[in-house]
Amino acid sequence: MGLAELGIYTLMTLLGIVVVFAFTMLNSAYLTYYERKVMGHMQARVGPMHTGPHGLLQPLADGIKLFFKEDIIPAKADRKVFVLAPLMALVPALAAYAVVPFGPSITLFGHSIHLYITDLNIGVLYVLALSSLGAYGIIMAGWSSNSKYSLMGGLRSASQVISYEIPMGLAIISVLMMTGSLSLVDITRGQEHIWNIVYQPVAFVIYMIAGIAETNRAPFDLPEAENELVAGFHVEYSGMRFAYFFMAEYANMLMVSCIAVVLFLGGWNPIIPRSLFESVPIFGQYLGFLGDPAVWWFIIKIYAFFFMFLWIRATLPRLRYDQLMRLGWKILIPVALGNILVTGLIKVLVQ
Amino acid sequence: MILQVAFIYFAAVTVFSALMVITRKNPVHCALYMLAVFTHVAGLFVLLDAEFVAAVQVLVYAGAILVLFLFVIMLFRGDGMKDKARFVSGWPIVAPIAIALMGLLMSILMHSGFSGAQGSYTIEAVRSAGNSQVIGMALYTDYLFPFEIASVILLVAMVGAIVLAKKKAD
């Protein structure tokens, strides 16, 4: 590689990182709006309406509010760990986006640009490793706040994350058995004709349940059960540090959606073939303006999967702690193991 | 050049954090420095083109085992250890011996002509087949028996732990 080429490569990678970072941050902000609106309409309310048209500027207002709020560190807290905890939650959540394939390669100004930061050959493992690191932010916050509510929230979260990592990993293994690669780009390319969800519906359901539990969302939001723990691990946090936890939670949920789309829902592969769009008279001509349609399909799928998170939250009541553990260890793990066994058997028989 | 800088960074932080693990008084701080050790060792694995091992290092050691450590330490609250001396009284005598032994080991390693991977899994073979694929092939063909034995041992440990816990509960 020449020096000029290296320069362009470095620049393009940096640009990619900036774009993905902006995409994630913007989405984490606007997913709160999405959630409030969807939840509102499901409960026969309207959700945020006052800031901007239909409340569209509400996330911005929330961000400004949190930014200017007083930052309080409890007197008896362990200062260093307390300050580090929100970052330990947010940084792995954002770093995982390095391997998400938003779209295939496109050609721009004579250069081939791929629409992902990097294609690791251990992509799935990288995502799993970083999502397991996210638990530290919660544990550190829970412990360093020096409050019994925080500590209980942190402990609950830690045990929940460890328990549900196993069924999640097992569900992913059965997908990997279908594709034979750990690279998220290869997995997406393997679904050009039939999505993995057709072959692996059981794994998809297990992944979804484990994903909701991993991100501490309802009905698995015991770490922040407000009637027992006030607010859980982040009860002592305020201002921007609280916002970091919030962003991390939404970035993690978006990540679970991204991985679900890549593993089960065909990634960037279109729902409706492109040729069908181009045949529409006026619309087809303007398709070029929207950029690469693959990226739009990916984003539509993410939002559709994310809707399930909200739907489930609005529908189901919170589980009790023993129910949560029983579901994870006694139901999900055996079912996921059985699924692997069946997948392996069918693969051998087909060969 | 970049690789050297990266190696120095990962190695230095690993050694520093490892020292902090054994010298800090608060057990939770020790465990968090342990996390730094694990993640930076994973970085060293990446530099050695062993991405699979790096990912598993973070996933298993940092993501599961250390979380359990922290779990237990947090439940103990760790206040009982704060006033105690960190080391046994004879440590000034033992430390030079340990350092001398380490020097001996390093000098042997440097003069032994040890030159990385030997056998059928050369660096080129690993690069062309892919890291995880090579590990998978090795584990399930050449080392299948030891691999199965290891899983049985882990299972025994798990059953043992459950039996012990059950007895206490009754």
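Descriptive notes on the structure:
- Within the listed set A:MET325, A:MET152, A:MET12, the residue fluctuating most in the Gaussian network model of chain A (springs between alpha-carbon atoms under 10 angstrom) is A:MET12.
- Computed label-point distance, nm, for sites B:ILE65 and A:VAL342 using a 7 Å Cα→Cβ extension: 3.5
- For peptide B:26-34, the mean count of partner chain Cβ atoms within 10 Å of a residue's Cβ comes to 3.
- When only Cα pairs below 8 angstrom with a gap of at least 6 residues are kept, the stretch A:148-240 shows a relative contact order of 49 percent.
- For the stretch B:1-81, the relative contact order comes to 31 percent (Cα pairs under 8 Å, sequence separation of at least 6).
- Each other residue within a Cβ distance under 11 Å of A:MET49 adds +1 if Lys or Arg and -1 if Asp or Glu, for a net charge of +3.
- Trypsin sites (Lys or Arg not before Pro), loop per DSSP, at most 12 other Cβ atoms within 10 Å - longest free stretch of chain A: A:77-319
- Taking amide H as placed 1.01 Å from N in the peptide plane, A:LEU115 has its amide H under 5 Å from the amide H of A:GLY103, A:SER105, A:ILE106, each at least 5 places away in sequence or on another chain.
- The stretch B:128-170: proportion of alpha-carbon pairs further apart than 11 angstrom, %: 70
- Contact residues in the stretch A:112-136 (at least 20 Å² less accessible area with all protein chains than alone, 1.4 Å probe): A:ASN121, A:ILE122, A:LEU125, A:ALA129, A:SER132, A:LEU133, A:TYR136.
- Taking the Cα centre of chain A as reference, the dipole from Cβ charges on Lys and Arg (+1) and Asp and Glu (-1) amounts to some 640 debye.
- The calculated Kirkwood hydrodynamic radius for the stretch A:13-93 is 15.4 Å, given to one decimal from all distinct C-alpha pairs.
- Longest stretch of chain A clear of exposed loop sites (GluC sites (Glu not before Pro), DSSP loop, at most 13 other Cβ atoms within 10 Å, sites excluded): A:193-351.
- Gaussian network model of chain A, springs between alpha carbon atoms under 10 Å - residue of A:ASP221, A:ASP119, A:ASP322 with greatest fluctuation: A:ASP322
- Helical content alone sets the calculated 222 nm signal of chain A at -22000 deg cm²/dmol, taking -39,500 (n - 2.57) per DSSP H segment of four or more residues and averaging over every residue.
- Percent of Cα pairs exceeding the 20 Å cut-off, where the set is the stretch A:1-135: 65
- Working from label points 7 Å from Cα in the Cα-to-Cβ sense, the B:ALA95 to B:ASP49 distance is 4.1 nm.
- Cβ-based charge dipole, chain A, positive-most Cα from A:HIS50, A:ILE17, A:SER174: A:HIS50
- Peptides B:10-20, A:22-32, B:138-148, A:121-131 ordered by average Cβ neighbours within 10 Å, highest first: A:121-131, A:22-32, B:10-20, B:138-148
- HN-Hα J in Hz across the stretch A:310-315 - Karplus 6.51, -1.76, 1.60, θ = phi - 60°, x for Gly and Pro: 6, 4, 5, 4, 6, 9
- Inter-probe distance in nm under a simple model that places probes 7 Å from Cα toward Cβ, at B:ARG127 and B:THR23: 4.0
- Solvent exposure of the stretch A:18-171 amounts to 45 Å² per residue of accessible area, where only protein heavy atoms count and the probe is 1.4 Å.
- Whole-Hz ³J(HN,Hα) from phi, Karplus 6.51 cos²θ - 1.76 cosθ + 1.60, for the stretch A:26-36, glycine and proline x: 4, 5, 4, 5, 7, 5, 5, 5, 3, 4, 5
- Computed over protein heavy atoms with a 1.4 Å probe, the carbon and sulfur contribution to the accessible area of the stretch B:1-81 reaches 81%.
- Accessible area buried between chains B and A, both sides summed, probe 1.4 Å, in Å² to nearest 100: 2200
The values are calculated or read from the model by the stated rules, or taken from the named source; none is laboratory data. Keep in mind the model is a prediction, meaning the values are calculated, not measured. Counting neighbours? That spans all protein chains shown, and the Cβs are built from the backbone with ideal geometry, glycine included. Note: areas computed on protein heavy atoms with side chains; ligands, DNA, RNA excluded. Shrake-Rupley method; radii C 1.70, N 1.55, O 1.52, S 1.80 Å.
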